[in-house]
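Notes follow once the structure below has been shown.
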Amino acid sequence: MQEGQKRKTSSLSILAIAGVEPYQEKPGEEYMNDAQLAHFKLILEAWRNQLRDEVDRTVSHMQDEAANFPDPVDRAAQEEEFSLELRNRDRERKLIKKIEKTLKKVEDDDFGFCESCGVEIGIRRLEARPTADLCIDCKTLAEIREKQMAG
């Protein structure tokens, strides 16, 4: 990733990574049927693989770019760049773990339902955030509680 370039992961880019179109629900279709589960499994596996590739590229980049600069300013700049990359990769490793946890839920037919209240999370919300484990109402309440505890 070039310096100054930011990578955003929107719902459309997650779908693009997997090479799939948004799921088209059919009238009367059962929620989280085999077709929907396969759709999300494909998305989650592609996303996980893309993140793993990023981690591998970072390791390779850091090995290739590692230099012992005699100038302290150059050395400090490189160390700062590496530190930033490592923080990003740590976040991605945590996301990979969350994706793997979500894939396990797909395998166990326990995917797509709110962990707090049990209602359907919804296809569109899951396409936007495939690792979501709360419905929008419970997530909103959790965020409000979090703000109250912090404030």
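Readers should treat all values here as calculations from the given coordinates under stated rules, not as data from a laboratory. Quick caveat, the model's predicted, so the values are computed rather than measured. FYI the Cβ positions are ideal-geometry reconstructions off the backbone, even for glycines, and counts take in every protein chain you see.
Rg to Rh for region 77-134: what is it, with Cα atoms only and Rh by Kirkwood?
1.19
Counting only residues 5 or more places away or on other chains, whose amide H sits under 5 Å from the amide H of residue 113 once H atoms are built in the peptide plane?
For residue 113, whose amide H was placed from the backbone, the distant partners under 5 Å are 121.
Say R0 is 25 Å: what FRET efficiency, to the nearest 0.05, do residue 117 and residue 97 get from their beta-carbon distance?
For residue 117 and residue 97, the calculated efficiency is 0.55.
Of 17, 128, 148, which is farthest on the positive side of the dipole of the chain, counting Cα position, with +1 on Lys and Arg Cβ, -1 on Asp and Glu Cβ, and the Cα centre as origin?
148
Could you give the angle, 0 to 90 degrees to the nearest 10, between helix 34-65's Cα long axis and the longest principal axis of the Cα atoms of the chain?
0 degrees
Explain nothing, just the number: relative contact order of the chain, from Cα pairs under 8 Å at least 6 residues apart, as a whole percent. Working shown, then result.
On the way: 99 pairs, mean separation 39.3, N = 151.
This gives 26 percent for the chain.
Project the alpha carbons of the chain onto their principal axes and report the range along each, largest first, in whole Å.
Computed over the chain, the largest-to-smallest principal extents equal 68, 42, 25 Å.
GNM, the chain, Cα, under 10 Å: largest mean-square fluctuation among 84, 95, 141?
Maximum among the listed residues: 141.
Whole-Hz ³J(HN,Hα) for each residue in region 92-109, computed from phi via Karplus 6.51 cos²θ - 1.76 cosθ + 1.60 with θ = phi - 60°, x for glycine and proline: what do you get?
The phi angles translate into 5, 4, 5, 5, 4, 4, 5, 5, 5, 4, 5, 4, 4, 5, 4, 4, 8, 6 Hz.
As a quick test, which of the pairs 26/105; 26/139; 41/97; 94/147; 98/147 have an alpha carbon distance above 21 angstrom in this structure?
With Cα atoms farther than 21 Å apart: 26/105; 26/139; 94/147; 98/147.
Neighbouring Cβ atoms within 10 Å as the yardstick, rank 62, 32, 149 fewest first.
Fewest-to-most Cβ neighbours within 10 Å comes out as 149, 62, 32.
Rounded to the nearest 10 degrees, what's the angle between the helix 136-150 long axis and the longest principal axis of the chain, both from Cα atoms, 0 to 90?
Computed tilt is about 50 degrees.
Taking the number of other C-beta atoms within 10 Å as the exposure measure, put 57, 125 in order starting with the fewest.
57, 125
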